[in-house]
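Okay, structure first, notes after.
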Amino acid sequence: MALLTGKKACVLGVANRWSIATAIAKALHAHGASLILTYEGDRTRGDVEKLAQELGDAPTTVADVASDDSIAALGSFVEQRFGKLDTLVHSLAFARREELAGKYFATSRSGFSLALDISAYSLVALCARLQPLFAERASVMAMTYLGSVRAVRNYNVMGVAKAALESSVRYLAEDLGELGGVRVNAISAGPIKTASARAVGDFSKILSDVAAKAPLRRNAVAEDVAGAAVFLASDLSSAVTGQVLYVDAGYNILGIV
């Protein structure tokens, strides 16, 4: 059963075939959604364009979320291609590799600002630009992680950025809900082997610990997150907003582990 027939979605954060954003884009397409995919720059453009060909020849465009001009241009591109937007997927974050190991108190001022800008403020900026284009009962979703509410060794400034992102989800849900019932939620994915995740120090240990202790005795995979994204994009989640949906094989429910 296709849940998203006729829906139009923009997915940010497709970096390569193994990224969570890629799995989400494939799932949205499989359920009937038309897509726009974005790439950060020339480094990822080829991979994104190749994937787009497989997903109904989806249009692609650059989106540098650190640039207000680039975000403005994305809005114009979406308006030109789609007119209205039913789903926005924010699946991107960044912190310097050196900030993701060692002590959190060693975080540099510039590293802190960069992580918060790319990983959290970008959602706010995107919503500000795209808000006039959101269709009635549109769905906005962002990707987060347990390190936002717990101290996860080596996650450091990214945990703080994800906490800001989750708080922004709640404020945006309040702001946008009165504008045609637009919903804003976050998916808190368990640790998944992606290129960006491997930048976190001792990531392989995190994977093994979660798989051994989670109630389902496994790690979540990108396809698990994609299924949750389809739910949030569909009318099945019509009264769900301002929430963090955990897709982590149940690890977040545990006490001392």
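Condition test on Val48, is it more than 18 Å from Ala220 (Cβ to Cβ), under 14 Å from the mean Cα position of the chain (by Cα) and crowded, with 22+ Cβ neighbours inside 10 Å? Write out each step before concluding.
Details: more than 18 Å from Ala220 (Cβ to Cβ): yes; under 14 Å from the mean Cα position of the chain (by Cα): no; crowded, with 22+ Cβ neighbours inside 10 Å: yes.
Against the criterion (more than 18 Å from Ala220 (Cβ to Cβ), under 14 Å from the mean Cα position of the chain (by Cα) and crowded, with 22+ Cβ neighbours inside 10 Å), Val48 does not qualify.
Pick from Tyr171, Tyr246: which is of a type in the set (Phe, Trp, Tyr), surrounded by fewer than 22 Cβ atoms within 10 Å (Cβ to Cβ), within 25 Å of Leu133 (Cβ to Cβ) and modelled with pLDDT of 95 or more? Spell out the reasoning first.
On the way: Tyr246 fails: within 25 Å of Leu133 (Cβ to Cβ).
Sole residue among the options that is of a type in the set (Phe, Trp, Tyr), surrounded by fewer than 22 Cβ atoms within 10 Å (Cβ to Cβ), within 25 Å of Leu133 (Cβ to Cβ) and modelled with pLDDT of 95 or more: Tyr171.
Within the range 55-63, can one find any residue that is exposed (fewer than 13 other Cβ atoms within 10 Å of the Cβ) and in contact (Cβ under 8 Å) with a residue 24 or more places away in the chain? Within the range 55-63, one or more residues are exposed (fewer than 13 other Cβ atoms within 10 Å of the Cβ) and in contact (Cβ under 8 Å) with a residue 24 or more places away in the chain. Hey, could you check the range 2-39 for residues that are in contact with an Asp or Glu (Cβ under 6 Å, 6 or more places away or on another chain) and under 15 Å from Leu92 (Cα atoms) and say which is modelled with the lowest pLDDT? The extreme case among them is Asn16. Hey, among the residues in the range 31-45 that are in contact (Cβ under 8 Å) with a residue 40 or more places away in the chain and aliphatic (A, V, I, L, M), which one's surrounded by the fewest Cβ atoms within 10 Å (Cβ to Cβ)? It comes out as Ile36.
Conditions tested, residue by residue: (1) in contact with a Ser or Thr (Cβ under 9 Å, 6 or more places away or on another chain); (2) outside any helix (DSSP H, G or I); (3) under 19 Å from Ser70 (Cβ atoms); (4) at pLDDT 95 or above.
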position: Leu88; (1), (2), (3), (4): yes, yes, yes, yes
position: Ser113; (1), (2), (3), (4): no, no, yes, yes
position: Tyr121; (1), (2), (3), (4): yes, no, yes, yes
position: Val124; (1), (2), (3), (4): yes, no, yes, yes
position: Ala128; (1), (2), (3), (4): no, no, yes, yes
position: Arg137; (1), (2), (3), (4): yes, yes, no, yes
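Of all the criteria given as (1) over 24 Å from Lys8 (Cα atoms); (2) surrounded by fewer than 23 Cβ atoms within 10 Å (Cβ to Cβ); (3) hydrophobic (A, V, I, L, M, F, W, C), the one not satisfied by Ala161 is (2). Listed by first and then second residue, the pairs linking a residue in the range 239-250 that is over 17 Å from Gly177 (Cβ atoms) and touching a residue at least 24 places away in the same chain (Cβ under 8 Å) to a residue that is among the hydroxyl-bearing types (Ser, Thr, Tyr) and not in a loop (DSSP other than H, G, I, E, B), with Cβ atoms under 6 Å apart and 6 or more places separating them unless they lie on different chains, are Tyr246/Ser188.
Exactly one residue out of Ser110, Ser119 is surrounded by fewer than 22 Cβ atoms within 10 Å (Cβ to Cβ) and among the polar types (S, T, N, Q): that is Ser110. Counting only helices (runs of 4 or more DSSP H) wholly contained in the range 140-257, the ones carrying 2 or more residues that are of a type outside the set (Asp, Glu) and under 30 Å from Ser110 (Cβ atoms) occupy 156-177, 203-213.
I'd like the residue in the range 98-107 that is assigned to a helix (DSSP H, G or I) and modelled with pLDDT under 95 and, out of all such residues, is surrounded by the fewest Cβ atoms within 10 Å (Cβ to Cβ). Steps first, answer last, please.
Just the residues of the range 98-107 that are assigned to a helix (DSSP H, G or I), to begin with: 98-99, 104-106.
Filter once more, keeping what is modelled with pLDDT under 95: 98-99.
Working: Glu98: 13, Glu99: 23.
Top of the filtered list is Glu98.
Given the structure, is Phe82 of a type in the set (Phe, Trp, Tyr) and under 18 Å from Val11 (Cβ atoms)? Quick ask: steps written out before the conclusion?
Working: of a type in the set (Phe, Trp, Tyr): yes; under 18 Å from Val11 (Cβ atoms): yes.
In short, yes.
The residue list Asp64, Asp69, Asp57 contains one member that is more than 19 Å from the chain's Cα centre (by Cα), of a type in the set (Asp, Glu) and closer than 23 Å to Ala125 by Cβ, which is Asp69. Sub-7 Å Cβ pairs linking a first residue in the range 150-173 that is acidic (Asp, Glu) to a second residue that is at pLDDT 95 or above, at least 6 apart or interchain, are Glu166/Thr144; Glu166/Ser148; Glu166/Ala186; Glu166/Val244, ordered by first then second residue. For the range 201-239, a residue qualifies if it is hydrophobic (A, V, I, L, M, F, W, C), farther than 16 Å from Pro191 by Cβ and more than 17 Å from the chain's Cα centre (by Cα), and the qualifying residues are Leu236, Ala239. The set of residues from the range 154-166 being at pLDDT below 95 and either out of contact with any helix residue (DSSP H, G or I) (no Cβ under 8 Å at 6 or more places or on another chain) or polar (S, T, N, Q) (or both) comprises just one member, Asn154.
The values are calculated or read from the model by the stated rules, or taken from the named source; none is laboratory data. Just so it is clear, the model here is predicted, and its values are computed rather than measured. Neighbour counts run over all protein chains shown; Cβ positions are idealised from the backbone, glycine included.
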